[in-house]
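Report on one structure; see the data block that follows.
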Amino acid sequence: HAVGERKQYMADKVVETTKKRIASMPLFVSDGLKFYTKALLKSYGKLVAFPKTLRRGRPRKPKLVPDDDLRYAQVIKFKAGGAIRKVKKKVIFGKDIDPKDISTSLVERQNLTLRQDNNRISRKTIGFSKKISELDKQMTLYFAHFNFCRGHSSLISLDCLGRKRKNSPAKTSGLTDHNWSLRGLLTYPYHRISTS
C-alpha cells in the first residue's frame, strides 16, 4: 500500500513496488491521473538515444520510450451534476488490449471496502490520522488482518465434514494453511533472523 497525496512521487512508489513484487508484466489500468504514465515509463521504459544529424543546433536529448511488453490503459469518467455521464477507455501503451479487460472495478470495490472498514480513510471523517506515519502503520495492520485473518464470502471451501468455510486470501493463495487469529498475527515473529 501507499499512503499520501496523489502526486508523482506516490505514483512512482506504487509502480516501483509493483515491479519488485510481480515477475510478469501485467496489464496496468488506472483512472485518468497523468502521474501513472510517467511512473510506468520510469520503471518499465528504456532510454533511446537519437543519432547525430551533423546539423547546427542542439542535438536531441535521449527519450524514455515504453518497453514493447508494457500495456497500460486508462478509464476516464466524465461527471456532471455529481453523476457519471460518460466513460471513456483509452489505451496509452501496448497493443492487442481487449476493451473488456480495461476496468478499474476491482480496485474501486477494494477501495470502497477499505473505506467502509476503516474510519481513518472514510470520506468526511472526524477520525483522521494526524501523522502519515501512524496512518501507514494502521494500514499495514489492516491489510495484514484483511489478507491473513479475515474469512471472505467469495473464498469458500468445504472442510473434511462437508461444511462451508470462509477462507482468507493468504490461505486461498497457498501462503498459509489456515485463517490466522488476530492474536497469531500480532504475536508472529516477523523480524528477520540471521542464518549465518
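A few notes on this one:
- The label point for Arg85 and the one for Leu112, both projected 7 Å from the Cα toward the Cβ, are 2.3 nm apart.
- Share of carbon and sulfur in the accessible heavy-atom surface of segment 140-187 [1.4 Å probe, %]: 58
- Relative to the Cα centre, the charge distribution of segment 63-196, modelled as +1 at Lys and Arg Cβ and -1 at Asp and Glu Cβ, gives a dipole magnitude of about 800 debye.
- For the pair Lys131 and Asp159, label points projected 7 Å from Cα toward Cβ lie 4.2 nm apart.
- Axis angle, to the nearest 10 degrees, between helix 132-148 and the longest C-alpha principal axis of the chain: 60 degrees.
- Difference of contour (0.36 nm per residue) and Cα-Cα distance, Asp69 to Thr140: 22.4 nm
- For the chain, modelled as a GNM whose springs connect Cα atoms under 10 angstrom apart, the maximal fluctuation among Val48, Val107, Val14 occurs at Val48.
- Among the listed pairs Lys19/Lys46; Lys7/Lys86; Lys34/Lys90; Lys20/Lys46, those beyond 21 Å (Cα-Cα): Lys7/Lys86
- Cα gyration tensor of segment 1-135 - equivalent ellipsoid semi-axes, whole Å, descending: 34, 20, 16
- Comparing Asp12, Asp31, Asp177 in a Gaussian network model of the chain, where Cα atoms under 10 Å apart are tied by springs, the biggest mean-square fluctuation is seen for Asp177.
- Considering only Arg163, Arg183, Arg56, the mean-square fluctuation computed in a Gaussian network model of the chain, springs between alpha carbons under 10 angstrom, is largest for Arg56.
- In this calculation the C-beta distance from Phe78 to Arg58 is compared with R0 = 45 Å, giving a FRET efficiency of 0.65.
- The chain, relative contact order in percent, only Cα pairs under 8 angstrom and at least six apart counted: 13
The values are calculated or read from the model by the stated rules, or taken from the named source; none is laboratory data. Here the structure is a predicted model, which means the values were calculated and not measured. Cβ atoms come from the backbone with ideal geometry, glycine included; neighbour counts cover every protein chain shown. Just the protein is used for accessible areas: all its heavy atoms, side chains included, with ligands, DNA and RNA removed. Shrake-Rupley method; radii C 1.70, N 1.55, O 1.52, S 1.80 Å.
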